[in-house]
1. Let me check something: with ligands and nucleic acids excluded, how do L348, L43, L130 order by accessible area (1.4 Å probe), largest to smallest?
2. When the accessible area of segment 196-288 is split by element with a 1.4 Å probe, what percent falls to carbon and sulfur?
3. Modelled label-to-label distance, S134 and E256, 7 Å Cα→beta-carbon offset: nm?
4. Per-residue HN-Hα couplings for segment 150-167, Karplus 6.51 cos²θ - 1.76 cosθ + 1.60 at θ = phi - 60°, whole Hz, x for Gly and Pro?
5. Need one number: nm distance between label points at Q225 and K270, each 7 Å from Cα along Cα→Cβ, rounded to one decimal.
6. Please list 16-25, 223-232 highest first by mean number of surrounding beta-carbon atoms within 10 Å per residue.
7. If you take the Cα atoms of segment 189-283, find Rg, then find the Kirkwood Rh from the mean of 1/r over all pairs, what is Rg/Rh?
8. Give the aspartates and glutamates reachable from K126 as a straight Cα distance under 15 Å; neighbours fewer than 8 places away on the same chain don't count.
Amino acid sequence: MEGPFKYIREGNGKVSRVIRMGTRKSQLARIQTDSVASRLKELYPDVHLEIVAMSTIGDKILDTALSKIGEKSLFTKELENALERNEVDIVVHSLKDLPTSLPSGFTIGAILQRENPHDAVVLHPKNAGLTLDSLPEKSVIGTSSLRRAAQLKKRFPQLEFENIRGNLNTRLKKLDEKDDYAAIILAAAGLKRMGWDNRISQILSPEDCMYAVGQGALAVEVRAQDRDILEMVSVLHHPDTVLRCISERAFLKQLEGGCSVPVAVHTEVKGSMLYLTGAVYSLDGADCLKDTMQMCVEIDNEVSESAQECVHVAVTANNISSSALDAAEKLGMDLANVLLNKGAKDILTTARKLNDAR
């Protein structure tokens with residue numbers, strides 16, 4: 001195999017290719033990366049895996065709301081720099097942290113089967129047994145997400161919402177050890193991967209709070225020219241998850257949304273039909289545009305020979321039919337255009353300005 005790759009000689013004299021996996025240092029990121037590593041090890045027992053952990057901008061700036069930092073690649077930039085310098089060969093991310101456009105030369109080579117993408121309520125121990133509906137009026141709910149706050153302000157106007165930052169461990173500690181928050185809202189997927197299912201008091205339904213684009217899915221980012229690595233990780237693709245996430249990412253990209261504006265989605269695959277619900281919100285949740293569309297994404301046997309033909313919102317999936325991928329991407333773009341025609345751009349522009357002015 002060509003390229004600046006690393007090899008080691010095993011004790012039995014056998015030479016093995018080393019795949020270096022880049023990840024954030026947080027406990028959740030390590031658990032997620034270890035889960036991808038174990039899948040790869042099962043599939044390719046002769047490959048030697050090394051995990052390289054590093055801190056990102058988003059990990060270092062903990063006293064500012066994510067939406068205020070103004071950096072599109074908060075949790076990815078340092079990892080991508082290492083990928084560019086050939087210090088790592090693949091990077092494992094939470095898909096929701098990855099922008100809809102990646103730097104030149106990079107692609108998402110695998111999207112793994114999605115964990116529960118919904119948001120979860122984690123209550124302060126003193127509020128055990130309650131729900132967002134039954135918490136006392138003016139209870140303070142912690143969330144770092146404009147998307148969550150906008151939807152929940154509209155749905156639960158009796159509650160107050162304040163920013164909370166830090167990794168999962170930090171946010172749970174802030175909840176449990178102080179009386180600042182009655183509850184916090186976190187992604188159910190992260191809590192489940194950490195083994196903290198017992199802290200989930202309530203899973204929020206799409207009627208209460210739709211989720212972030214890509215939430216609950218893990219992505220493997222690679223250098224686009226590393227054909228062998230791209231082929232190696234592509235077997236991790238979960239077709240239904242790929243189609244759902246491509247439609248979500250295309251929706252967000254067409255809206256020109258990001259973490260500084262409240263955009264939410266909900267997707268389902270039923271038979272050969274992909275359903276996408278998407279919405280944009282004002283910061284206070286008072287203004288909302290929401291719609292649902294569906295499209296047939298029946299997977300046929302036609303797969304693309306060229307990666308260039310098969311890149312959809314930065315995802316390369318040559319082992320999934322290009323017609324299904326095209327349909328998923330078109331669905332996201334079409335739904336975004338429906339909302340834009342109804343005035344979504346004005347809502348998002350106002351939300352951005354208000355957020356910047358805070």
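1. Listed by decreasing accessible area, they come as L43, L130, L348.
2. 47
3. The two pseudo-label positions are separated by 4.6 nm.
4. Working through the residues one at a time gives 4, 5, 6, 4, 5, 7, 10, x, 7, 9, 10, 10, 10, 6, 9, 10, x, 6 Hz.
5. With each label point 7 Å from Cα toward Cβ, the separation is 4.7 nm.
6. By packing density, highest mean first, the sequence is 16-25, 223-232.
7. Details: Rg = 15.7 Å, Rh = 15.5 Å.
We get a ratio of 1.01 for segment 189-283.
8. Of all the aspartates and glutamates, those that pass the test against K126 - Cα under 15 Å, at least 8 places apart if same chain - are D176, E177, D179, D180.
The values are calculated or read from the model by the stated rules, or taken from the named source; none is laboratory data. What you see is a predicted model, and the numbers here were worked out from it, not measured in a lab. Glycine gets a Cβ as well: all are built from the backbone with ideal geometry, and neighbour counts include every protein chain shown. Calculation scope for accessible area: heavy atoms of the full protein, side chains included, ligands and nucleic acids excluded. Shrake-Rupley method; radii C 1.70, N 1.55, O 1.52, S 1.80 Å.
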